[in-house]
1. Kindly establish whether residue 173 is outside the structural domain of residue 51 (by TED's automatic domain parsing), at pLDDT below 90 and of a type outside the set (Ser, Thr, Tyr).
2. Which numbered condition trips up residue 79, out of (1) modelled with pLDDT of 75 or more; (2) under 30 Å from residue 138 (Cβ atoms); (3) out of contact with any Lys or Arg (no Cβ under 8 Å at 6 or more places or on another chain)?
3. Taking the range 38-60, which residues are in a loop (DSSP other than H, G, I, E, B) and at pLDDT below 90?
4. Given the conditions (1) assigned to a strand (DSSP E or B); (2) out of contact with any Ser or Thr (no Cβ under 6 Å at 6 or more places or on another chain); (3) over 26 Å from residue 348 (Cα atoms), report the number of the one that residue 238 does not fulfil.
5. Is it the case that residue 262 is closer than 19 Å to residue 328 by Cα and not hydroxyl-bearing (Ser, Thr, Tyr)?
6. Can you say whether residue 311 is over 30 Å from residue 270 (Cα atoms), hydrophobic (A, V, I, L, M, F, W, C), touching a strand residue (DSSP E or B) at 6+ places or on another chain (Cβ under 6 Å) and assigned by TED's automatic domain parsing to the domain that holds residue 252, as far as the supplied structure shows?
7. Test each condition in (1) in the same structural domain as residue 336 (by TED's automatic domain parsing); (2) part of a strand (DSSP E or B); (3) polar (S, T, N, Q) for residue 248 and report the one that comes out false.
8. Here's a check for you: in the range 106-130, which residue that is of a type in the set (A, V, I, L, M, F, W, C) and crowded, with 20+ Cβ neighbours inside 10 Å is farthest from residue 204 (Cα to Cα)?
Amino acid sequence: MTEEIFNSAELHVETVWPEVIMKVKVLLLPLFCLLTLLTGAECAAPKEIYVKEGEMVALYCPSCRGYDHGDAKLIWTSYTTQDMDLTNNVSSAEQRQLGIVVHGRSLVILSASVNYQGNYSCSQGSASTWFRLTVLTPQSREYEKMTQYPTTCYTQETCTLHCPDVNRPAPNIPNITSNGIIWHKEGESLPKDSYFSSVEESDHGVYTCTRSYLCYGQIYNMTFTVVLDVQPKEKPVKDAAITEPQNNHVFHVDLGSPKVIDCKAVMYLKFDKVFWLIGKSFVETDNSLPVFYNFTRENNDGELKMTASLVFKKVSEEDLSKNYTCKLQSASELSGFVTINLAQKPRPSYLSLALGVVGIVLVMVLTVVIYVRFKINITLFLRDTIGCHSSTSDGKSYDAFLVCYKSNTDAGLHEDDRKELENVLEERFGYSLCLYDRDVLPGKAVAEAVLDCIEQSRTVVLVPTSPDPGPGSGLLSAIHEALVERQTRLVFIKTETTDVLRSGSLPEALQLLGEAGNCVTWKGISSMPPSSSFWKQLRYYLPSPQRAPKVRLLPQTIQDVMSL
């Protein structure tokens, strides 16, 4: 019984122990790398190698520059179930038994199987290189992805299929002779040519290329699958171009202020790009730098628009002395660039600003002086030419109510002058007048009649007469009260003897009216012509007539204005 247990345990150890050793080697690989780094050796990440089951694969150990290997031998070590520690001195018989060929810096596995899958290292002195070999079976997840190589050709163009040059043996290894490459198309038995003078859509499909090698009297293969995709002939590619800024454009900037300069380009290939140069140095995209650039892309129906923005956080004097180039790098033969410069903005001229302000002030003062000096003529000109008559009714029946007051001198208007005054106002200038001796109904109380006229009139005009034909000076107080209460406009015509108003010889009510209204001086014969200053002042203080004058005043008014 004891012997059976012992034999069973021995058999279990012999079965399991190689697998345990392999797992321990794999687990110790990182530790070995750490030790090699501490000793000054190299231990980079393993190079991934893929091979189909049953096919040939070659591992090549690169020569490490900077290392003095001396007389150290190159040693290959496998961390698989096929334990090997090999040098170039291994005999051919041992290599054939292991199914490998070691020559120079190459290790060739003639027919890979899962037993060869795992990690390999080549070491010479203190330098080492690692490989991870994966044997692909049809059941492997990576089988289809790692064994197929896509290629694209376009109709009516030449097309050549290239057999992948991956992990093949070096041409100078003894005992290994290349027998060339044979192509087959999936679904066809006869070999195919890898060259098409004018490829067609019918050539689309899956092709297999087989590299064969003779070694020790046997043929070993390396097969690869090439998937040919035949596309319609491409349309002519338009040339990419920079649209802005213009070459040699100068951008004016403020020192110490940020500035962004956009370089815009239109492209048609996805590999085209735009970037900035300062002199001959590339501008980085690191936004922590004082000068950097960023970019945006926009795809619009195959037209790719890219904007590369050159960003200055704060423009310095040193930035002004440099050249900046926006470079378009295109996959086509034509590429472009534009060069721009920076210049400081000119400082504002305070002298010109001051002269501008002084000029504006002078124009305003001159305008005010002209208006004050000629406001009467300007107002009358606008009335007569543009026709500025009252267009809205204020409920008044008359433009003015003429009230005569007795003048204590002979300078007052006589009856003929008063009639002429009334006639000119009505017939020539178009005013509607309320006259006491014409528009007041007989039998009505004088005070009531006067107040009605004031109520229906827009303006009250006090006319000095000699003798007094009106209602008399006794109603002046009532007129004053009515004007103040109704806020009616008042025009006071006085004579040249202005001392009369100052001496107090006129009634107090008349003096109050003269002070409250706008005064116009009657100068006798010189005031009679309609173009005299008397008529201009009187018309200026009177409101615009509610109806147009019967006689057109345009020629006379223009003549008056031109005579200024």
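The values are calculated or read from the model by the stated rules, or taken from the named source; none is laboratory data. No experiment lies behind these values; they were computed from the predicted model shown. Cβ coordinates were reconstructed from backbone atoms using ideal geometry, including for glycine residues, and neighbour counts include every protein chain displayed.
1. yes
2. Status for residue 79: all satisfied but (3).
3. From the range 38-60, those in a loop (DSSP other than H, G, I, E, B) are 39-46, 53-56; that's our starting set.
Those that are in a loop (DSSP other than H, G, I, E, B) and at pLDDT below 90: 39, 40, 41, 42, 43, 44, 45, 46.
4. With respect to (1) assigned to a strand (DSSP E or B); (2) out of contact with any Ser or Thr (no Cβ under 6 Å at 6 or more places or on another chain); (3) over 26 Å from residue 348 (Cα atoms), residue 238 is out only on (1).
5. yes
6. Values: over 30 Å from residue 270 (Cα atoms): no; hydrophobic (A, V, I, L, M, F, W, C): yes; touching a strand residue (DSSP E or B) at 6+ places or on another chain (Cβ under 6 Å): yes; assigned by TED's automatic domain parsing to the domain that holds residue 252: yes.
No, not satisfied.
7. Evaluating residue 248 over (1) in the same structural domain as residue 336 (by TED's automatic domain parsing); (2) part of a strand (DSSP E or B); (3) polar (S, T, N, Q) leaves (2) as the failure.
8. It comes out as 127.
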